[in-house]
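These notes concern the structure reproduced below.
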Amino acid sequence: MTSSEKFAAYLVLVIASMLGSLSLLTFGMFLFGYSFTIIELGFGRAGVLIWDAFLCLLFFFQHSAMIRKNFRQSVGVIVPVHFQGALYTAVSGIVLIFLVLFWQNSEQVIVSLQGASVWVAHGIFFASLAGMMWGMFALHSFDVFGNQKILAHIRAGHVRDMPLAIRGPYRWVRHPLYFFTLLMIWSCPDLTADRLLFNTLFTVWIVIGTLLEERDLVADFQDNYLDYQRRVPMLIPWKLHKPYY
């Protein structure tokens, strides 16, 4: 691998990591209740919700389409396999930042928590954030920004497929990262019409995405995952007294 090729690989890695980190930071603050809207488009009540729904659907389409195996196979003619994770991170980051920056706020307030209940909601948010970190560390080899394959390519190595990890929160729920994300989404103390739309659409999308991912996991791990399915809940850890061993 030439020096110029290594430089290009490291540049892709850095760009993807920066976009991924920035998008996660801004999205996390958005979930907490902070508004980044840079342009008020002047829509009426219905127009605000239609525009915000479009932003959500745009992100869903991009995120879900690029993660499918058939997309990776088709784009493999142009983008080498070791760059595809970084490409997915970079494009997802751009679309997510676009969603946050151009999100339109509704003046229609449905629920607004007051007093101690606000701190309870914030406590749920930060506890869920800690749960996300716990889930990521439990995987040991979780590649947040798709960098492992780039580094392996630079070092002339390879990345082993991620094994079926049943550690930490995965002993109580099969998809703890999605569970904690749902808690973060619904922990915002001010529920306006646009936030209710956002929460509902993202909840439906996460559930559908989880079901599709379950299909892929069964294909990958077969009987081991079928047994895991029978013994551990998918999204809501309701079997707290019976962790998976």
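The values are calculated or read from the model by the stated rules, or taken from the named source; none is laboratory data. What you see is a predicted model, and the numbers here were worked out from it, not measured in a lab. Neighbour counts run over all protein chains shown; Cβ positions are idealised from the backbone, glycine included. The protein model used for the area step is the full one, side chains on, heavy atoms only, and it has no ligands, DNA or RNA in it. Shrake-Rupley method; radii C 1.70, N 1.55, O 1.52, S 1.80 Å.
A few comments on the model shown:
- Mean silhouette area of the stretch 89-245, derived from the convex hull of its C-alpha atoms and averaged over all directions, reads 11.7 nm².
- The stretch 1-72 shape via C-alpha gyration tensor axes, a/c threshold 1.5: prolate
- Prolate/oblate/rounded label for the stretch 172-245 (Cα gyration tensor, a/c 1.5): oblate
- Prolate/oblate/rounded call for the stretch 75-151, Cα gyration tensor, a/c under 1.5 rounded: oblate
- 1.4 Å probe accessible area per residue over the chain, in Å²: 57
- Relative contact order [Cα under 8 Å, 6+ residues apart], the stretch 14-151, whole percent: 44
- Choice from F126, F30, F71 with maximal GNM fluctuation in the chain (Cα, 10 Å cutoff): F71
- Rolling a 1.4 Å probe across all protein chains gives F36 an accessible area of roughly 50 Å².
- The simple spin-label model puts a point 7 Å past each Cα toward its Cβ; for R215 and W238 those points are separated by 2.4 nm.
- Among the protein heavy atoms of the chain, carbon and sulfur supply 69% of the accessible surface, probe 1.4 Å, non-protein parts ignored.
- Annotation: amide H-H contacts under 5 Å for L191 (H modelled 1.01 Å from N, sequence separation of 5 or more, or interchain): I110, V111, S112, L113.
- Calculated [θ] (222 nm, deg cm²/dmol) that DSSP helices of n ≥ 4 give over the chain, each run adding -39,500 (n - 2.57): -22000 deg cm²/dmol
- Within straight-line cross-link reach of K69, aspartates and glutamates at Cα separation under 16 Å, skipping those fewer than 8 residues along the same chain: D161, E213, E214, D216, D220
- Approximate spin-label separation F7-A130, in nm, with each point projected 7 Å along Cα-to-Cβ: 4.6
- Most to least packed among 57-69, 194-206 [average Cβ atoms within 10 Å]: 194-206, 57-69
- The chain: relative contact order in percent, alpha carbon pairs under 8 Å with at least 6 residues between: 28
- With Cα atoms defining each centre, the stretch 203-226 and the stretch 70-114 are spaced 21 Å apart in the structure.
- Kyte-Doolittle mean at least 0.0 and Cα axial length at least 30 Å: DSSP H helices in the chain: 3-32, 45-67, 81-102, 116-139, 193-221
- Within the listed set G115, G131, G93, the residue fluctuating most in the Gaussian network model of the chain (springs between alpha-carbon atoms under 10 angstrom) is G115.
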